[in-house]
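Written out below as structure tokens is the structure these notes cover.
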Amino acid sequence: MIANAAEIRKFTILSWGWLTIIFGLVWAVSWLVGVAIPLLLANVQADWARLVTEICQVLTPLVAVMVFIPINAMFMVLAERRALALFTVRKGPNRVGPDGFLQTLADALKLLFKEDITPRGADAFMFTLAPIIFFAPSIFGALPLLAAVTNNHNLFQVVNLPTGIFYVLAVSSVPVVGIVMGGWASNNKYSLVGALRSAAQAISYEIPLVLSIITVCLMAGTLDVVKIAEMQKGGLLNWNILGGGALSGLNKYFQALAAGQADAHQMLSQYYPDWGSVIATVVLIACTVLLVGIYLTGACAEINRIPFDLPEAESELVSGYNTEYSGIKFAIFFLAEFTNLFIVSTIATVMFLGGGDCPLPDWLNPLTNPAVTQPVGKFFSFFTDRIHLIDPSTFFPAIWVIIKVYALVFFAILVRGTLPRFRIDQLMAFGWKRLVPLSLIIFVLVTFAKGAVRLHV
Amino acid sequence: MEHLDLLRAWIPGRLDDFLFYLLAVMAIPMALGVLFDRTIIRSGFLLIGVFGSICGLFLVLQAQFLALAQLMIYAVGITLVVVIALMLTNPKLEKEAQPGTAHQQLGSFLVAGALFFTIYCALRSESWPLSSEAVSPDVQTIGMALTTTYALPFEFASVLLLAALVGAIMLAKAERAISDKEEPSKEAGEQNQPATLFERDTTVSSTRR
């Protein structure tokens, strides 16, 4: 029996409770704006009704994100504190609300009412602008991912771009400008050092990060996140983390074997004709697993999570670039940091972990079996067909995305509880001497291995 | 843009024109600010704003990839490097800029004039056919053009970047050799560039006020 099983149970209940609230609310708001209002206006034959309908539908993704970001950050702060308490066998915040459920809500309210101080000698305009520049990209950057994680739902198709992942990467490289601006405008040497460290770190770790994403795009042959997510459909063996689709032939073979086809072995020799293709498959699997590691490392450094949190190293720099911030501006910095953690986890999910795909292959999965879904589906026909509250083709992918993304977030918290902080020269040496060459080598390897085997057949 | 059909009726003129003038109104004052702001760091940040507006112009022209590359490389990467270089090399940030000597002013006038003349010739000599047809936002088109038609300029750009890299390393090395002579530390051989960079940076920020 685990010693703190009771605490683990409490943490689980708390997480499920918060997640239900977050996504229930986001779902309800998106439905209200995107479906309910247009449904009500469907019978009105007037110009303004059409205009309102269009505006509502175009604004749905934005409204969903705006509702999602603050509540999600509240949950993630609470989850982080409770999880860290778990790892160090403490209790964590457990007084406000039932078992600490409302702790971060109280914190957020307190921060909103605190006095907003601008230090003497600070550049007031840039001091105010910095949190905005830091926060805005996390709203705009997440938008194309929204189409990928909802299985290209009609309402969220608008935000999909042909240059999807490049857009996400370009926009998520903007926040470092906000950090440098805030650090410089604070008129505080700790802030300035934190900001400069952040800039150096972000520039050096962006290279392996982008190279790992580029390698995935090279294998997929597209930058479109929706297409990349769709390619990986059909179970664990199709995901990019396992060879970027090199194993989908094996998946087909297992399917034929399970169906009892006699020519299953022929299939295997059709997808993997010679030793070259087998070796290429093994190389691709090794490369993609390493790529996930590189991506997660680069992402951790990019968003200043703990093994790389030198910009706000509290033992050296008080609190780094946000030392002088208080009240609402500090809250915005905080909000953006946790939202960025969520966004990089979502990118990892979409690019490597199959997006909204169930780990079970289709032929094993009861949820895609019509014999099971037809009778069950009838019970929900009021929700699915009459008021369009639930769209089954979006609902299940969304659930899988939520599970995968929060698993990655939990992993990041675990890393934070486990690893010590780097020193600045170690950080730079690790970035430039290890990660950059490694990601370049993988890029070249993948370029050659990709030619010897068919991906995503 | 197909979702904005109804909005379009409310705005006089074409939507593209409206957006163009909006972005121009943002870009030009910021560009002037880059030139005339006394605080050098501030003009660095204004430069980011200028690049951001130009990225918006590319978006209006439906060159999505170009716009994003502009944002990622110019607006963030290069300008940040400029800002950091300014912070590390110029301790007296608030010092008023000295007006240059007559020789310097003549030189800069000549360079600026030659640049203006070149750009003017380039703008006027080529024909710029207008087309209402949407450019395919395909990355493939750009990739093919870069590796076939424009392979030579592409290679020149990479050589230029390599030269910049080597130059940066040489500058950093020379800096370290001088500081080693002044105070020989026991682990001077192990110190690499970032460590020295950040040692210097603390001294800079302490002499700032």
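The values are calculated or read from the model by the stated rules, or taken from the named source; none is laboratory data. Keep in mind it's a predicted model, so treat the numbers as computed, not measured. Glycine gets a Cβ as well: all are built from the backbone with ideal geometry, and neighbour counts include every protein chain shown. Ligands, DNA and RNA are excluded from the accessible area calculation, which covers all protein heavy atoms including side chains. Shrake-Rupley method; radii C 1.70, N 1.55, O 1.52, S 1.80 Å.
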(request) Leaving out ligands and nucleic acids, note down the accessible area per residue over segment B:38-78 with a 1.4 angstrom probe, in whole Å². (result) 43
(message) Can you give me the Rg/Rh ratio for segment A:188-277, using Cα atoms for both radii and the Kirkwood formula for Rh?
(response) 1.29
(message) Per-residue Cβ counts within 10 Å, from other chains only, averaged over A:194-207: what number is that?
(response) 3
(request) Hand me the trypsin sites (Lys or Arg not before Pro) from segment A:57-148 located in a DSSP loop with no more than 16 other Cβ atoms within 10 Å, in residue order please. (result) A:ARG90, A:LYS91, A:ARG95, A:LYS114, A:ARG120
(request) Using only C-alpha positions, report the orientation-averaged shadow area of the convex hull of segment A:59-143, nm², one decimal. (result) 8.3
(message) What are the ³J(HN,Hα) couplings of segment A:402-418, residue after residue, when phi is run through the Karplus curve with 6.51, -1.76, 1.60 and θ = phi - 60°? Round to Hz, x for glycine and proline.
(response) 4, 4, 5, 5, 6, 5, 5, 4, 4, 4, 4, 5, 4, 4, 4, x, 10
(message) Only sites in a loop by DSSP and with at most 10 other Cβ atoms within 10 Å count here; which GluC sites (Glu not before Pro) in segment A:268-372 make the cut?
(response) none
(request) Give me the percent of the accessible area of the protein assembly as shown that comes from carbon and sulfur atoms, probe 1.4 Å, all protein chains in place. (result) 70
(message) Could you give each residue of segment A:137-150 its phi-based ³J(HN,Hα) in whole Hz, using Karplus coefficients 6.51, -1.76, 1.60 with θ = phi - 60°, and x for Gly or Pro?
(response) x, 6, 7, 6, x, 7, 4, x, 5, 4, 5, 6, 7, 9
(request) Could you let me know the centre-to-centre spacing of segment A:142-165 and segment A:300-356, using Cα atoms, in angstrom? (result) 24
(request) Could you do me a favour and compute the accessible area per residue for segment A:151-255, 1.4 Å probe, result in Å²? (result) 26
(message) Output needed: percent of Cα pairs per 20 Å distance bin for the protein assembly as shown, bins running from 0 to the one holding the longest distance.
(response) 15, 47, 32, 5, 0
(request) Calculate for chain A the 222 nm mean residue ellipticity that helices alone would give, adding -39,500 (n - 2.57) per DSSP H run of length 4 or more and normalising by residue count, nearest 500 deg cm²/dmol. (result) -22000 deg cm²/dmol
(request) Return the whole-Å distance between the Cα centroid of segment A:226-247 and the Cα centroid of segment A:57-110. (result) 32
(request) Work out, in µm²/s and without decimals, the Stokes-Einstein translational diffusion coefficient of segment A:114-452 at 4 °C, 1.567 mPa s, Rh from Kirkwood over C-alpha pairs. (result) 59
(message) Just to be sure I understand: if you take the accessible area of chain B alone plus chain A alone and subtract the pair, with a 1.4 Å probe, what total do you get in Å², rounded to 100?
(response) 3500
(request) Please give the FRET efficiency for A:LEU25 paired with A:ALA106, using the beta carbon to beta carbon distance and R0 = 22 Å, rounded to the nearest 0.05. (result) 0.75
(request) Could you sort out which of A:LYS10/A:LYS110; A:LYS110/A:LYS404; A:LYS329/A:LYS404 sit more than 27 Å apart by Cα distance in this structure? (result) A:LYS110/A:LYS404; A:LYS329/A:LYS404
(request) Give, rounded to the nearest 20 debye, the magnitude of the charge dipole that chain A has about its Cα centre when Lys and Arg contribute +1 at Cβ and Asp and Glu contribute -1 at Cβ. (result) 740
(request) Just the Kirkwood number for segment A:125-246, please: inverse of mean 1/r across all distinct Cα pairs, in Å, one decimal. (result) 16.2
(request) With N set to the residue count of segment A:1-108, report its C-alpha Rg divided by 2.2 N^0.38 Å to two decimal places. (result) 1.51
